[in-house]
1. Which pairs break 26 Å Cα to Cα here: LYS24/LYS60; LYS180/LYS265; LYS135/LYS180; LYS52/LYS188?
2. Give me the net charge for the shell around THR251: Cβ to Cβ below 15 angstrom, other residues only, Lys and Arg +1, Asp and Glu -1.
3. Sorted by average packing, counted as other Cβ atoms within 10 angstrom per residue and highest first, what order do 172-183, 41-52 take?
4. Take each of the peptides 114-122, 241-249, average the number of other beta-carbon atoms within 10 Å over its residues, and list them starting from the highest.
5. Report the equivalent ellipsoid semi-axes for the range 23-62 in whole Å, largest first, defined as the square roots of five times the eigenvalues of the gyration tensor built from alpha carbon atoms.
Amino acid sequence: MDDQPIIIKRVKKVAAAHHGGSWKVAFADFATAMMAFFLVLWLTTNASPEQKRAVEGYFKDPVGYTEGGSRNPVDLGGSASVVDASDADQAGNEVPVDDQRIETMAQQLEQRQMEELFQDLRDRIESSDTLSEFKDQLLIDITDEGLRIQIVDRSQRPMFDSGSAQLKYYSQDILFELAKPLGAVPNKLSITGHTDATPFGGRPGYTNWELSADRANTARRALVTGGVRPEQIGRVVGLSDSVLFDQEDPTAPVNRRISIIVLNKQAAGEIQGRASRSGEPLIDLTQPTEAEQKAAREQLESGDWEQQQEPVQPGELNW
């Protein structure tokens, strides 16, 4: 009995399993990402359209975007205390944008605005009960002088009483409707009255020249009443039957019409230049304004100007 071996049992206790601190790291990463996300949303909300285009251009081509420009796509208005020598050299070597190119771009922007007004008028004619009824009498196109709207007579539906400068009630409604979009643009307007070739014999000394001028002036008063600013009117003339719409039928009703032109800057400048005593414009309306130059420079600096379509040539938007 004394020689019986002693058996010792050792029980190994396993400690409770735990996950360690990895979840803390994951949560910290998530919180950081959410903070960055909301920061981006805040910056996007407060950024100007120019800044957004700059950021977009930077991410499209970071290397090409910074060549000849700043390495910071958005100027936050701060100032650096230390200027890198390479940046200083680069700033000194910047080539100013050619004034001729700025002027050309400003003219193309104006042409694009004319096209947008053209489309706006088309949409308004289709959606307006007043205009849609007479859309066969509204002819719109783009000429060398600007956007032209012609309101023509149709058989049994003239704009004016025969031999009179008194507007029909529906003609007045048409002019009131057109005055709304025309009064919203900064351009000068030209209003021209036309008659057919039938001689006017209503009273002595009163011809188609006087009649066409009176009708143009009546249209001017209706447009101003409808919302066109008086200072927008750049020219009111009567041309009698000297410029026929239908050359083959000089007495056709379509020749009796009112023509309204939203003048571009070049045409407005030429009109003012001819009217001044010295033969020179009192204000050079042919040159782009500071706002137009700024818009053209922003288009050029954003890098997306070359992607724009070519402007529509005069006469391509006949409708």
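Every number in this text was worked out from the coordinates using simple rules, so none of it is lab data. The structure displayed is predicted, hence computed values, not measured ones. For neighbour counting, all protein chains shown are included, and Cβ atoms are generated from backbone atoms with ideal geometry for every residue, glycine included.
1. Table pairs above 26 Å Cα-Cα are LYS24/LYS60; LYS52/LYS188.
2. In short, -3.
3. Averaged packing, sorted descending, gives the order 172-183, 41-52.
4. Going from most to least packed, we get 114-122, 241-249.
5. So the three semi-axes of the range 23-62 are 28, 13, 4 Å.
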